[in-house]
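Q: Please see the structure below; I have some questions.
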Amino acid sequence: MTTVDFSSWTCPVPLRDTPNVVMGHGGGGAMSAELVEQIFLPAFGGSAADLADSAVVPAGGARLAFSTDSYVVRPMFFPGGSIGDLAVNGTVNDLAMSGATPLYLSAAFILQEGTELSVVGRIAQAMGLAAAAASVRLVTGDTKVVDSASGDGVFVTTAGIGLVPPGVQIAPRRARPGDVVLVSGDIGVHGIAVMSCREGLSFGTSVHSDTAPLAGLVAAMLAAGGEAVHALRDPTRGGVAASLNEIARAAGVGVSLVERDLPVPAAVRDACSLLGLDPLQVANEGKLIAIVAPSAAPAVLEAMRAHPLGAGAQAIGTCVAEHAGMVVAQTALGGNRVISLPIGEQLPRIC
């Protein structure tokens, strides 16, 4: 009889009453929010109301968007992309969610001793190609090497700066009752692509990551909707559920979704059913959520569908005055279910 050693197991959704950092603190859900609000914000003098994908700061009469993010993906290469693509596209997209035109990126690498240089070269090449595709420049960076017991291949941190056009005011707190919730396409694809590759699972079809730079799509949306585009989010860690809960809480509105309108591809739906996951909580890397005033929603949706990265855009719900701070979905049976903020992390190390 085989004896199972449980000592090396980790739980992505652990108990929240813990004195130590656990995997769930990195999942983009409730535990991540508590870590930021209870430790980092008090130390840095910030406010939870100011949190967004990037910070908009004044500089010499202009407004700059500034963002930073770290990537610890396993495996580093997966169907449709790699940690290199994610590191560039993720920061570009965080800047774009403020309405900014991304301009410059930095990149820092933590390399584990023993990692093949050919692997590092593939990641660097992917980053260069992704930066060119996103029309940004990688202009500075840093490299550190840790011993073989202290790392896990390659970790990448990118930071970026973008220019916010005059008159653009995009923030989660601008969502209002009556606003329409739009999503740019199929959800849950990235998380399932990485999970299937990492665990060697087959779901009857090939699932590829949706990693892509979204600044061009955002520019088209702003050209169509202008100030009527109230809030934007790219639903990465924690998925659509986390992003909409954060918007609802920041704006003090409820969000009402129609479950049958959610664009969940069959492969993602089947994989989530098999694994016991909620597609709304699975990460995306090339999709965005937009909160748009009802008068401009048709024009913005049309502009999204005219762009290659928004061809599958859908209206999936509205902001409401009821159940403020909560996200509720109407099911196919006519009932309602609460879409809660994930506690920890369903799929560790996917972005």
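The values are calculated or read from the model by the stated rules, or taken from the named source; none is laboratory data. Here the structure is a predicted model, which means the values were calculated and not measured. Neighbour counts are summed over all protein chains in view; Cβ atoms, including those assigned to glycine, are modelled from backbone coordinates with ideal geometry. Ligands, DNA and RNA are stripped out before the accessible areas are found, and what is left, the full protein with its side chains, is counted by its heavy atoms. Shrake-Rupley method; radii C 1.70, N 1.55, O 1.52, S 1.80 Å.
Q: If the only charges are +1 at each Lys and Arg Cβ and -1 at each Asp and Glu Cβ, what is the size of the charge dipole of region 194-303 around the Cα centre, to the nearest 20 debye?
A: For region 194-303, the charge dipole is close to 140 debye.
Q: Let me ask you something else. Given charges of +1 on the Cβ of Lys and Arg and -1 on the Cβ of Asp and Glu, with all other atoms neutral, how large is the dipole of region 126-200 about its Cα centre, in debye to the nearest 20?
A: Here the size comes out at about 400 debye.
Q: A further question on this structure: What does the charge count near GLY81 come to, summing +1 for each Lys or Arg and -1 for each Asp or Glu among other residues with Cβ under 11 Å from its Cβ?
A: Net local charge, GLY81 excluded: -3.
Q: Another one. Regarding region 57-165, what's the average projected area of the Cα-atom convex hull, expressed in nm²?
A: That works out to 7.1 nm².
Q: Can you give me the convex hull volume of the Cα atoms of region 143-225, divided per residue and expressed in Å³?
A: That works out to 204 Å³ per residue.
Q: About its Cα centre, how strong a charge dipole does the chain have in debye, to the nearest 20, once Lys and Arg get +1 and Asp and Glu get -1 at the Cβ?
A: Approximately 520 debye in magnitude.
Q: Which whole-number percent is the relative contact order of region 275-342 (Cα, under 8 Å, 6+ apart)?
A: It comes to 18 percent, rounded to a whole number.
Q: How would region 233-351 be classified by its alpha-carbon gyration tensor: rounded, prolate or oblate, with rounded meaning a/c under 1.5 and the a/b versus b/c comparison settling the rest?
A: Rounded shape, in that the Cα axes give a/c under 1.5.
Q: Tell me, what % of the accessible area of the chain is carbon and sulfur with a 1.4 angstrom probe?
A: 57
Q: In addition: Given a 1.4 angstrom probe, what's the average accessible area per residue across the chain, in square angstrom?
A: Per-residue value: 45 Å².
Q: Can I ask one more? Nearest 5 is fine: what % of DSSP beta bridges in region 96-199 come out antiparallel, could you say?
A: Within region 96-199, antiparallel bridges account for around 55 percent of the total.
Q: Answer rounded, prolate or oblate for region 95-213, using the Cα gyration tensor with square roots of eigenvalues a ≥ b ≥ c: rounded when a/c is under 1.5, else prolate when a/b is larger than b/c, else oblate.
A: oblate
Q: Still on this model: Add -39500 (n - 2.57) for each DSSP H run of 4 or more in the chain, then divide by its residues: what number comes out at 222 nm, to the nearest 500 deg cm²/dmol?
A: Calculated at 222 nm, the ellipticity per residue is -8000 deg cm²/dmol.
Q: Mean Kyte-Doolittle of at least -0.5 plus a Cα span of 18 Å or more along the axis: flag which DSSP H helices in the chain meet both, please.
A: Taking the DSSP H segments of the chain (at least 18 Å long, mean hydropathy at least -0.5), we get 83-96, 117-133, 239-251.
Q: Which percent, nearest 5, of DSSP beta bridges in the chain are antiparallel?
A: 75
Q: If you don't mind, there's one more thing I want to ask. Toward the positive end of the charge dipole of the chain, about the Cα centre and with charges on Cβ (Lys, Arg +1; Asp, Glu -1), which of HIS208, LEU95, GLN38 goes farthest?
A: So the residue furthest toward the plus end is LEU95.
Q: Related question: Given the peptides 289-296, 161-168, arrange them by the average over their residues of other C-beta atoms within 10 Å, most packed first.
A: 289-296, 161-168
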